[in-house]
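Peer 1: Have a look at this one before I ask anything.
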Amino acid sequence: MKLETERLVIDHLTMPDLDAFAAIEADEQVRRYIDGKTRTRAQTADYIGSMLQSYETRGYGRYAVRSKA
């Protein structure tokens, strides 16, 4: 799935997203609203891998929201 608005692209997570996503997942202020546990870069890479698998087997998973700018 890929959705686009005037300013955003919503699409599958990919391994090139790892740096940006790992920074988000390591942020205590972000994770406190999810489960209160931060993730390491390696854990985030594993998570992206699980999402790639989910896209293949289930047809859905967590999506990335990117600014077109």
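Peer 1: Look at region 1-42 and say how many of its residues are polar (S, T, N, Q) and within 14 Å of Arg62 (Cβ to Cβ). Write out each step before concluding.
Peer 2: Kept after step one, since they are polar (S, T, N, Q), are these residues of region 1-42: 5, 14, 29, 38, 40.
Checking which are within 14 Å of Arg62 (Cβ to Cβ) leaves us with 14.
Looking only at that region, the number is 1.
Peer 1: Restricting to region 31-64, count the residues that are modelled with pLDDT under 95 and β-branched (Val, Ile, Thr).
Peer 2: The qualifying residues number 1.
Peer 1: Of everything in region 1-53, what is over 19 Å from Arg66 (Cα atoms), in a loop (DSSP other than H, G, I, E, B) and small (Gly, Ala, Ser)? Give them in sequence order.
Peer 2: Of everything in region 1-53, just one residue is over 19 Å from Arg66 (Cα atoms), in a loop (DSSP other than H, G, I, E, B) and small (Gly, Ala, Ser), namely Gly36.
Peer 1: Return yes when Ala22 is at pLDDT 95 or above and surrounded by fewer than 15 Cβ atoms within 10 Å (Cβ to Cβ) and no when it is not.
Peer 2: On the way: at pLDDT 95 or above: yes; surrounded by fewer than 15 Cβ atoms within 10 Å (Cβ to Cβ): no.
The answer is no for Ala22.
Peer 1: Next question, about the same structure. Please determine whether any residue of region 54-65 is over 14 Å from Ala20 (Cα atoms), in a loop (DSSP other than H, G, I, E, B) and open to solvent by less than 70 Å² (accessible area, probe 1.4 Å).
Peer 2: Scanning region 54-65 turns up at least one residue that is over 14 Å from Ala20 (Cα atoms), in a loop (DSSP other than H, G, I, E, B) and open to solvent by less than 70 Å² (accessible area, probe 1.4 Å).
Peer 1: If you scan region 39-69, which residues turn out to be under 14 Å from the mean Cα position of the chain (by Cα) and of a type in the set (Val, Ile, Thr)?
Peer 2: Of everything in region 39-69, those that are under 14 Å from the mean Cα position of the chain (by Cα) and of a type in the set (Val, Ile, Thr) turn out to be Thr40, Thr44, Ile48, Val65.
Peer 1: Moving on to the next point. If Met51 passes every condition in (1) touching a residue at least 40 places away in the same chain (Cβ under 8 Å); (2) of a type in the set (A, V, I, L, M); (3) surrounded by 15 or more Cβ atoms within 10 Å (Cβ to Cβ) but one, which one does it miss?
Peer 2: (1)
Peer 1: Let me ask something else about it. Return the total of residues in region 4-17 being within 27 Å of Arg41 (Cα to Cα), over 10 Å from the mean Cα position of the chain (by Cα) and open to solvent by less than 90 Å² (accessible area, probe 1.4 Å).
Peer 2: Here is the first cut: in region 4-17, the residues within 27 Å of Arg41 (Cα to Cα) are 8-17.
Applying the additional criterion that residues be over 10 Å from the mean Cα position of the chain (by Cα) yields 8-10, 16.
Filter once more, keeping what is open to solvent by less than 90 Å² (accessible area, probe 1.4 Å): 8-10.
Matching residues across region 4-17 total 3.
The values are calculated or read from the model by the stated rules, or taken from the named source; none is laboratory data. Bear in mind that the values here come from a model prediction, so they are computed numbers and not experimental data. Note: ideal-geometry Cβ built from the backbone for every residue, glycine included; neighbour counts use all protein chains shown. Note: accessible area is taken over every heavy atom of the protein model, side chains too, but ligands, DNA and RNA are not part of it. Shrake-Rupley method; radii C 1.70, N 1.55, O 1.52, S 1.80 Å.
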